[in-house]
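Structure first, then comments.
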Amino acid sequence: QVQLVESGGGLVQAGGSLRLSCAASGSLVSLNSMGWYRQAPGKQRELVASITGAGSTNYADSVKGRFIISRDDAKKTVYLQMSSLKPEDTAVYYCNGHYYDGSGYSLFGFWGQGTQVTVSS
């Protein structure tokens, strides 16, 4: 089995910063492409940033220039550095993606508990 644990959320004032972490554990050899998603109350979950196994990144227009996704393959962890936070960034943030289990690539077919980010104005 594999697990995903998101952490690092909290309450921050507009203009502040937070660093989220997504740690994978269990029966996996390595992470492949990963993404950070968020879901605000009453809204659908959306992809905000992604990173390939080779380290190429992509961002939603709403966070471009403010968020940076990165990875530490040795720790099987993906990060989201969030700066210049806005009240509209308030949401539960989740990670998901693909991993290599030694015989092939699989999708994490579940969502972790997420981490709450609240930005006050």
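The values are calculated or read from the model by the stated rules, or taken from the named source; none is laboratory data. Note that the structure is predicted; figures quoted are calculated from it, not measured. Methodologically, a virtual Cβ is constructed for each residue, glycine included, from the backbone with ideal geometry; neighbour enumeration extends over all protein chains shown. Remember, those area values only see protein heavy atoms, side chains included, never the ligands or the DNA or RNA. Shrake-Rupley method; radii C 1.70, N 1.55, O 1.52, S 1.80 Å.
Taking D61, D101, D89 in turn, the Gaussian network model of the chain (Cα-Cα springs below 10 Å) assigns the largest fluctuation to D61. Rounded to the nearest Hz, the phi-derived 3J(HN,Hα) couplings of the range 75-84 under the Karplus curve 6.51 cos²θ - 1.76 cosθ + 1.60 (θ = phi - 60°) are 9, 6, 10, 10, 10, 9, 8, 10, 10, 6, where x marks glycine and proline.
Amide H contacts of G10 (H built 1.01 Å from N, in plane; Pro and chain starts excluded): V117, T118 sit under 5 Å, all sequence-distant by 5 or more or on other chains. Residues within the reach of a label modelled at A14 (point 7 angstrom out along Cα to beta-carbon, backbone nitrogen below 16 Å), restricted to the range 76-117, are 83-91. When the chain is treated as a GNM, springs tying every alpha-carbon pair under 10 Å, which of Y94, Y105, Y37 comes out with the largest mean-square fluctuation? So, out of Y94, Y105, Y37, the one fluctuating most is Y105. About its Cα centre, the range 6-121 has a charge dipole of approximately 140 debye under the convention of +1 per Lys or Arg Cβ and -1 per Asp or Glu Cβ, with nothing else charged.
Of the whole protein surface, K86 contributes about 80 Å² of accessible area at a 1.4 Å probe radius.
According to the Cα-based calculation, Rg over Rh for the chain is 0.97, with Rh computed by the Kirkwood formula. Of S56, S33, S21, the residue with the greatest mean-square motion in the GNM of the chain, using alpha carbon springs below 10 Å, is S56.
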